[in-house]
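Below is one structure; the comments refer to it alone.
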Amino acid sequence: QKEVEQDPGPLSVPEGAIVSLNCTYSNSAFQYFMWYRQYSRKGPELLMYTYSSGNKEDGRFTAQVDKSSKYISLFIRDSQPSDSATYLCAMSGGRDDKIIFGKGTRLHILP
Amino acid sequence: GAGVSQTPSNKVTEKGKYVELRCDPISGHTALYWYRQSLGQGPEFLIYFQGTGAADDSGLPNDRFFAVRPEGSVSTLKIQRTERGDSAVYLCASSLRRETEAFFGQGTRLTVV
């Protein structure tokens with residue numbers, strides 16, 4: 001079992017819909033959870049950063065962490081074609097301090 | 001800009017050659033990471049520096065890969081005797097300290113022919 005599991009998609013949704021992206025993980029020591037957005041041929045761009053369990057909201061984006069279930073989510077409200085990208089979950093805080101990434105989910109917002 | 005800068009953006013080299021990839025982190029960031037990303041995959045951890053020292057190099061695939069950060073700022077990833085399997089995008093990221101947000105550069109696309 002990989003440390004971080006993420007469905008690669010692709011996920012296609014109509015413009016304006018609510019998008020739900022998620023990851024599961026196996027290492028209970030993870031405490032820091034991140035979501036990155038990556039456009040084609042670009043570096044990952046940090047979207048959301050949360051510590052421990054709970055919710056965090058920033059504009060149209062909401063990140064949720066459920067440490068008891070080892071499950072994290074990213075919700076995008078009022079999705080727009082410019083949201084089309086690959087979304088990477090990432091986490092750290094384990095013994096080694098390195099940041100571990102999921103494989104990324106490709107998202108397509110259809111106009 | 002004040003972001004992470006990586007040079008070159010693209011590098012094509014022949015199998016067996018030596019390459020150096022450079023990363024300029026955000027000023028004042030003490031932590032620096034190198035990752036490798038293949039097509040359709042998430043970034044794969046290579047090495048992590050805290051200041052000048054390599055805090056974790058467990059992701060380096062073999063002894064052909066080496067990285068330095070002599071003054072705690074700029075870092076260079078060095079690959080000896082390149083192989084076609086080394087072809088990937090090499091990403092660098094920095095953060096203010098460990099376990100805070102990491103910001104990535106645009107990457108160096110390495111192609112070994």
When you look at A:Y87, is it hydroxyl-bearing (S, T, Y), on the phi < 0 side of the Ramachandran plot, within 12 Å of chain B (Cβ to nearest Cβ) and without any contact (Cβ under 8 Å) to a residue 24 or more places away in the chain, yes or no? no
Among the residues of the range A:12-48, what is the count of those that are more than 24 Å from A:K67 (Cβ to Cβ) and either within 11 Å of another protein chain (Cβ to nearest Cβ) or at pLDDT below 95 (or both)? 7
Within the range B:77-105, which residues are open to solvent by 30 Å² or more (accessible area, probe 1.4 Å) and either under 11 Å from the mean Cα position of the chain (by Cα) or more than 14 Å from chain A (Cβ to nearest Cβ) (or both)? B:K78, B:Q80, B:R81, B:E83, B:R84, B:G85, B:S87
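Confirm whether A:G54 is more than 13 Å from the chain's Cα centre (by Cα) and under 28 Å from B:Y90 (Cβ atoms). Show your work before the answer.
Numbers: more than 13 Å from the chain's Cα centre (by Cα): yes; under 28 Å from B:Y90 (Cβ atoms): no.
Criteria not met by A:G54.
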Considering A:K98, A:K103, which residue is free of Cβ contacts under 8 Å to residues at least 24 places away in the same chain, assigned to a loop (DSSP other than H, G, I, E, B), crowded, with 16+ Cβ neighbours inside 10 Å and not β-branched (V, I, T)? A:K98
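Please state which one of B:S9, B:S38, B:S73 is loosely packed, with under 14 Cβ neighbours inside 10 Å and within 26 Å of A:Y32 (Cα to Cα). Talk me through it step by step, then tell me what you get.
Values: B:S9 fails: within 26 Å of A:Y32 (Cα to Cα); B:S73 fails: loosely packed, with under 14 Cβ neighbours inside 10 Å.
The conditions single out B:S38.
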Please verify whether B:L46 is surrounded by 16 or more Cβ atoms within 10 Å (Cβ to Cβ), part of a strand (DSSP E or B) and away from chain A (no Cβ under 12 Å), treating the condition exactly as stated. no
Mind listing whichever residues of the range A:21-46 are open to solvent by 60 Å² or more (accessible area, probe 1.4 Å) and in a strand (DSSP E or B)? A:E45
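The values are calculated or read from the model by the stated rules, or taken from the named source; none is laboratory data. In this text the structure is predicted, and so the values were computed from the model without any measurement. Cβ: placed from backbone, ideal geometry, glycine included. Neighbour counts: every protein chain shown. These accessible areas exclude ligands, DNA and RNA; they are computed on the full protein's heavy atoms, side chains included. Shrake-Rupley method; radii C 1.70, N 1.55, O 1.52, S 1.80 Å.
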